[in-house]
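Below you'll find the structure, written out as structure tokens, and then a few comments.
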Amino acid sequence: MRLFSFLFFLLDLTLTSHQGTDAQSNFLKFNCTGTTDDSNSTFQTNLKNLLMNISNTQIDYGFYNFSSGSKSDRVNAIALCRGDVKEPDCRSCLADARITLLQVCPNVKEAIGWYDNCFLRYSNRTIFGLMETSPYFYRSDTHDVLKKDQFKSVVTKMMNLLRDRASSGNSVRKFAVANATGPSNQTIYGLVQCTPDLSQNACRACLNGAISEIPKCCNGMKGGEVLRPSCSIVYETYLFFDPAAAQPFISLQSPPSPLSPIAPPTAPKKGKRNATGIVVAIVVSTVAFVALVIFVVIIKARRLKNTIRNTCAAMRNVAGEDEDEIMTVESLQMDFETIRAATNDFSEANKLGQGGFGPVYLGRLYNGQEIAVKRLSRDSGQGEMEFKNEVLLVAKLQHRNLVRLLGFCLEKEEKLLIYEFVPNKSLDCCIFDSVKRVKLNWEKRYKIIEGIAKGLVYLHHDSRIRIVHRDVKAGNVLLDEKMNAKISDFGMARLFVVDQTEAKTSTVVGTHGYMAPEYMMNGTFSTKSDVFSFGVLVLEIISGQKNCRFQNGENEEHVVSAVWKNWTKGTLANIVDPTLMEDAGSRSEIMRCIHIGLLCVQENAEHRPTMASIVPMLSIHSITLPVPSEPSFYIWKSLPGIKSAGSVNQLSVSEQYPR
């Protein structure tokens, strides 16, 4: 029975997709040097333009070298991602780095910032091709090793080998990783990297200096890291890099012990022949049965693979994807029985909520991972087209402010989307609840606003595909355990080609109260449509009231209308959630966010800022904000026959409830 259980366990593993690691990167350290500068100087303008266009720059193994301007106003910048970091995660890390560095080092001419997965530096002097050792940063584990001298010896030998391997790299990649066996058979993992613009000797010299810092920073500790402008080294007693993406991978593990000599066989004794024959028969039968089971497993796996390929081929016809993209989607296919078991057969006890397209369930996979399963109802508005659209788009997106798609299932007339589980539900469950809203102080609300903005910047500018979400609303923003915002629900999203600025549709989809006027009236949508929705959402977060049900005395009106009236009268405090006004120190920041919100909801789409410009507006208070023009006052209220859900004259809108 154990054999059968093991074989079926193998079958389950064969039909279940593996889950990736979280690519989120943490900000480690920054250093601001050089002279201070006027925020409106030509140099600062060149710097901001250069950093905002980083996502359009050619990428070579995560290494960027770019400049802008001339003479004293010339900005030189270098960015490098860790060698095992994949391109989408690299771009996401650098997108965060450029924003953070401008925020923590305002109006200086030279700065550097380190993340787990990348670093970014810029200067008004030449930095390309120069080996520099300062400023530097190091950190260490807080746990000691037992045999320090032996441990140190293994780490040093491993780092020296990695130094030789990395320094001999080419002009686009100087990177190496390895593992080695330390005291008590403990595995030690190491990583070294130089900026590829260095010569072999310069890279070697930089790494020699970094290795010599180990006794100072992390002698006898289980892990350590030394970061310099031109190179970095890391070692840990756990696998902290992706070995598949970090090829070539060097293993310095001790070889296994030689096998013990095999004794020559002895002739069977008389009287034992029958027993031997029985044993042989049992072994042969067992082997034959195992072979048969394995054959059945292979056949079933092939059939499932063919089914997946047929499904993905249909997706390719819809979205024009190439074979590599389809293979990515194939890897996310999950078995229906696995999901049914994870959700306790979709029991009511596991139900997290009811969305417009079907219920959402909490699940737990066999490895203990918690998941959220969106089960599209068979009579829901989201058909097979929207389902395939969401899978194809979300499968390519990796950002800390986007909910992560773990898998999907299209089997037995079921359409299931499997996401990472986000414990604090959606934003509307908190911001529109009179009790929960009190716990959302301004610091948390500002963090949520900033997170939504960064997620939209990634969709509009930094991902390798440009996506218009088309349904940005409080119900589609999820909050994790640290109240980080994660944009969800891409069933209505549309893909734009590189140079495309807008598109038009005969079927308008979205949520009442968030849709831009040009989209409502003639079906024209663009990234500026999402900007409009973001502006409405910002005003909701600040007021703590739903956009179409803003309470103004005894009357209800749209939040944009109420904010504009108070803006013109200079009485903006009237629309702010009273609990936020208790902190006098945050008032100016709140008013600035209201100002940004009004810029986003201007009637003319061309007058609205881009999301790429909104993020610096939020974080860099020295940026002067333009005066907003009068917003549209929700012309759809005059359209006959519009209902809160359904479709009238090809106009499809939905109520403001989480999906």
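The values are calculated or read from the model by the stated rules, or taken from the named source; none is laboratory data. What you see is a predicted model, and the numbers here were worked out from it, not measured in a lab. Heads up, the Cβs are rebuilt from the backbone with ideal geometry, glycines too, and the neighbour counts pull from every protein chain shown.
Against the condition at pLDDT 75 or above, closer than 21 Å to Phe525 by Cα and among the acidic types (Asp, Glu), how does Glu582 come out, does it pass?
Against the criterion (at pLDDT 75 or above, closer than 21 Å to Phe525 by Cα and among the acidic types (Asp, Glu)), Glu582 does not qualify.
Residues being under 23 Å from His621 (Cα atoms), free of Cβ contacts under 8 Å to residues at least 40 places away in the same chain and aliphatic (A, V, I, L, M): count how many of those fall in the stretch 560-610.
Residues flagged as under 23 Å from His621 (Cα atoms), free of Cβ contacts under 8 Å to residues at least 40 places away in the same chain and aliphatic (A, V, I, L, M) within the stretch 560-610 amount to 8.
Output the residues belonging to the stretch 451-483 that are within 20 Å of Asp89 (Cβ to Cβ), in a loop (DSSP other than H, G, I, E, B) and not acidic (Asp, Glu).
Ser463, Arg464, Ile465, Lys482
State which residue is surrounded by the fewest Cβ atoms within 10 Å (Cβ to Cβ) when the search covers only the stretch 218-248 and only residues that are among the hydrophobic types (A, V, I, L, M, F, W, C) and closer than 21 Å to Thr33 by Cβ. Walk me through it before giving the result.
Within the stretch 218-248, the subset among the hydrophobic types (A, V, I, L, M, F, W, C) is 218, 221, 226-227, 231, 233-234, 239-241, 244-246.
Subset that is closer than 21 Å to Thr33 by Cβ: 226-227, 231.
On the way: Val226: 26, Leu227: 20, Cys231: 31.
Top of the filtered list is Leu227.
Does Ser533 count as modelled with pLDDT of 80 or more, touching a Phe, Trp or Tyr at 6+ places or on another chain (Cβ under 6 Å) and within 30 Å of Asn26 (Cβ to Cβ)? I'd like the intermediate steps shown before the answer.
Numbers: modelled with pLDDT of 80 or more: yes; touching a Phe, Trp or Tyr at 6+ places or on another chain (Cβ under 6 Å): yes; within 30 Å of Asn26 (Cβ to Cβ): yes.
Against the criterion (modelled with pLDDT of 80 or more, touching a Phe, Trp or Tyr at 6+ places or on another chain (Cβ under 6 Å) and within 30 Å of Asn26 (Cβ to Cβ)), Ser533 qualifies.
With at pLDDT 90 or above, assigned to a strand (DSSP E or B) and under 16 Å from Tyr419 (Cβ atoms) as the only criterion, which of Leu352, Leu362 stands out?
Numbers: Leu352 fails: at pLDDT 90 or above.
Testing whether each residue is at pLDDT 90 or above, assigned to a strand (DSSP E or B) and under 16 Å from Tyr419 (Cβ atoms) leaves just Leu362.
For the stretch 65-81, how many residues are surrounded by 24 or more Cβ atoms within 10 Å (Cβ to Cβ) and more than 30 Å from Pro243 (Cα to Cα)?
The total comes to 0.
Could you tell me whether any residue of the stretch 395-413 is part of a strand (DSSP E or B), acidic (Asp, Glu), over 17 Å from Ala493 (Cα atoms) and at pLDDT below 80? Let's see the steps before the verdict.
Here is the first cut: in the stretch 395-413, the ones part of a strand (DSSP E or B) are 402, 405-411.
With the extra rule that they be acidic (Asp, Glu), the set shrinks to 411.
Next, from what is left, pick out any that are over 17 Å from Ala493 (Cα atoms): 411.
Add one more test, that the residue is at pLDDT below 80, and what stays is 411.
Yes, some residue in the stretch 395-413 is part of a strand (DSSP E or B), acidic (Asp, Glu), over 17 Å from Ala493 (Cα atoms) and at pLDDT below 80.
Can you tell me which residues in the stretch 544-572 are small (Gly, Ala, Ser) and either at positive phi or under 29 Å from the mean Cα position of the chain (by Cα) (or both)?
Within the stretch 544-572, Gly544, Gly553, Gly570 meet the criteria.
If a residue has to be over 27 Å from Val438 (Cα atoms) and not in a helix (DSSP H, G or I) to count, how many in the stretch 577-619 make the cut?
Adding up the residues that qualify gives 6.
The conditions are (1) more than 17 Å from Gln103 (Cβ to Cβ); (2) crowded, with 18+ Cβ neighbours inside 10 Å; (3) at pLDDT 65 or above, and Ile54 fails exactly one of them. Which is it?
(1)
Taking the stretch 511-526 as the region of interest, how many residues are among the aliphatic types (A, V, I, L, M) and part of a helix (DSSP H, G or I)? Step through it out loud before you land on a result.
Residues of the stretch 511-526 that are among the aliphatic types (A, V, I, L, M), as a first pass: 515-516, 520-521.
Add one more test, that the residue is part of a helix (DSSP H, G or I), and what stays is 520-521.
Adding up the residues that qualify gives 2.
How many residues are small (Gly, Ala, Ser), surrounded by fewer than 24 Cβ atoms within 10 Å (Cβ to Cβ) and part of a helix (DSSP H, G or I) when one looks only at the stretch 527-561? Full working, then the answer.
Within the stretch 527-561, the first condition is being small (Gly, Ala, Ser), and the residues that meet it are 529, 533, 535, 543-544, 553, 561.
Going one step further and asking which of them are surrounded by fewer than 24 Cβ atoms within 10 Å (Cβ to Cβ), we end up with 543-544, 553, 561.
In the following step, the residues that additionally are part of a helix (DSSP H, G or I) were identified as 543, 561.
Going through the stretch 527-561 one residue at a time, the tally reaches 2.
Would you point out which residue out of Asp489, Asp428, Asp480, Asp462 is closer than 21 Å to Ser613 by Cα and either among the basic types (Lys, Arg) or touching a residue at least 24 places away in the same chain (Cβ under 8 Å) (or both)? Working first, answer last.
Details: Asp489 fails: closer than 21 Å to Ser613 by Cα; Asp428 fails: closer than 21 Å to Ser613 by Cα; Asp480 fails: closer than 21 Å to Ser613 by Cα.
None of the others qualify; the one that does is Asp462.
Test each condition in (1) part of a loop (DSSP other than H, G, I, E, B); (2) in contact with a Gly (Cβ under 9 Å, 6 or more places away or on another chain); (3) within 24 Å of Leu397 (Cα to Cα) for Asp84 and report the one that comes out false.
(2)
So Asp84 fits all but one of (1) out of contact with any Pro (no Cβ under 9 Å at 6 or more places or on another chain); (2) surrounded by fewer than 22 Cβ atoms within 10 Å (Cβ to Cβ); (3) charged (D, E, K, R); (4) under 18 Å from Gln193 (Cβ atoms); what number is the exception?
Result: Asp84 fails condition (1) only.
Scan the stretch 179-191 and tell me whether some residue there is closer than 23 Å to Gly113 by Cα and either touching a residue at least 12 places away in the same chain (Cβ under 8 Å) or touching a Gly at 6+ places or on another chain (Cβ under 6 Å) (or both).
In the first step, residues of the stretch 179-191 are kept if they are closer than 23 Å to Gly113 by Cα; the result is 190-191.
Add one more test, that the residue is either touching a residue at least 12 places away in the same chain (Cβ under 8 Å) or touching a Gly at 6+ places or on another chain (Cβ under 6 Å) (or both), and what stays is 190-191.
Yes, some residue in the stretch 179-191 is closer than 23 Å to Gly113 by Cα and either touching a residue at least 12 places away in the same chain (Cβ under 8 Å) or touching a Gly at 6+ places or on another chain (Cβ under 6 Å) (or both).
When you scan the stretch 414-446, how many residues do you find that are assigned to a strand (DSSP E or B) and of a type in the set (Lys, Arg)? Spell out how you get there, then give the answer.
Going residue by residue through the stretch 414-446, those that are assigned to a strand (DSSP E or B) are 414-420, 426.
Restricting the remaining residues to those that are of a type in the set (Lys, Arg) gives 415.
Counting residues in the stretch 414-446 that are assigned to a strand (DSSP E or B) and of a type in the set (Lys, Arg) gives 1.
Looking for something exposed (fewer than 13 other Cβ atoms within 10 Å of the Cβ) and more than 25 Å from Thr45 (Cα to Cα) - is there at least one such residue anywhere in the stretch 575-583? Full working, then the answer.
The initial filter retains those residues of the stretch 575-583 that are exposed (fewer than 13 other Cβ atoms within 10 Å of the Cβ), namely 578, 582.
Pick out the ones that are also more than 25 Å from Thr45 (Cα to Cα) and you get 578, 582.
Yes, the stretch 575-583 has at least one match.
Does the stretch 549-559 contain any residue that is in contact (Cβ under 8 Å) with a residue 12 or more places away in the chain, touching a helix residue (DSSP H, G or I) at 6+ places or on another chain (Cβ under 7 Å), over 23 Å from Asp428 (Cα atoms) and among the aromatic types (Phe, Trp, Tyr)?
To start, the set of residues in the stretch 549-559 that are in contact (Cβ under 8 Å) with a residue 12 or more places away in the chain comprises 550, 558-559.
Within this subset, residues satisfying the condition of being touching a helix residue (DSSP H, G or I) at 6+ places or on another chain (Cβ under 7 Å) are 550, 558-559.
If we keep only those that are over 23 Å from Asp428 (Cα atoms) too, we end up with none.
Among the residues of the stretch 549-559, not one is in contact (Cβ under 8 Å) with a residue 12 or more places away in the chain, touching a helix residue (DSSP H, G or I) at 6+ places or on another chain (Cβ under 7 Å), over 23 Å from Asp428 (Cα atoms) and among the aromatic types (Phe, Trp, Tyr), which makes the answer no.
Taking Leu598, is it modelled with pLDDT of 95 or more, farther than 16 Å from Ile431 by Cα and within 33 Å of the chain's Cα centre (by Cα)?
Values: modelled with pLDDT of 95 or more: yes; farther than 16 Å from Ile431 by Cα: yes; within 33 Å of the chain's Cα centre (by Cα): yes.
In short, yes.
I'd like the full set of residues that are surrounded by fewer than 23 Cβ atoms within 10 Å (Cβ to Cβ) and of a type in the set (A, V, I, L, M), limited to the stretch 600-614.
Ala605, Ala612
Quick one: is Ile575 more than 32 Å from the chain's Cα centre (by Cα) and at pLDDT 90 or above? Outline the logic, then answer.
Numbers: more than 32 Å from the chain's Cα centre (by Cα): yes; at pLDDT 90 or above: yes.
Spelling it out, Ile575 is indeed more than 32 Å from the chain's Cα centre (by Cα) and at pLDDT 90 or above.
Spot the failing condition for Trp564; the list is (1) part of a helix (DSSP H, G or I); (2) crowded, with 18+ Cβ neighbours inside 10 Å; (3) at pLDDT below 85, and only one is missed.
All conditions are met except number (3).
In the stretch 446-465, is there at least one residue being aromatic (Phe, Trp, Tyr), closer than 22 Å to Asn547 by Cβ, touching a helix residue (DSSP H, G or I) at 6+ places or on another chain (Cβ under 6 Å) and outside the structural domain of Ala97 (by TED's automatic domain parsing)?
No, the stretch 446-465 contains no residue that is aromatic (Phe, Trp, Tyr), closer than 22 Å to Asn547 by Cβ, touching a helix residue (DSSP H, G or I) at 6+ places or on another chain (Cβ under 6 Å) and outside the structural domain of Ala97 (by TED's automatic domain parsing).
On the given criteria, is Ile127 modelled with pLDDT of 85 or more and crowded, with 19+ Cβ neighbours inside 10 Å?
On the way: modelled with pLDDT of 85 or more: yes; crowded, with 19+ Cβ neighbours inside 10 Å: yes.
It is true that Ile127 is modelled with pLDDT of 85 or more and crowded, with 19+ Cβ neighbours inside 10 Å.
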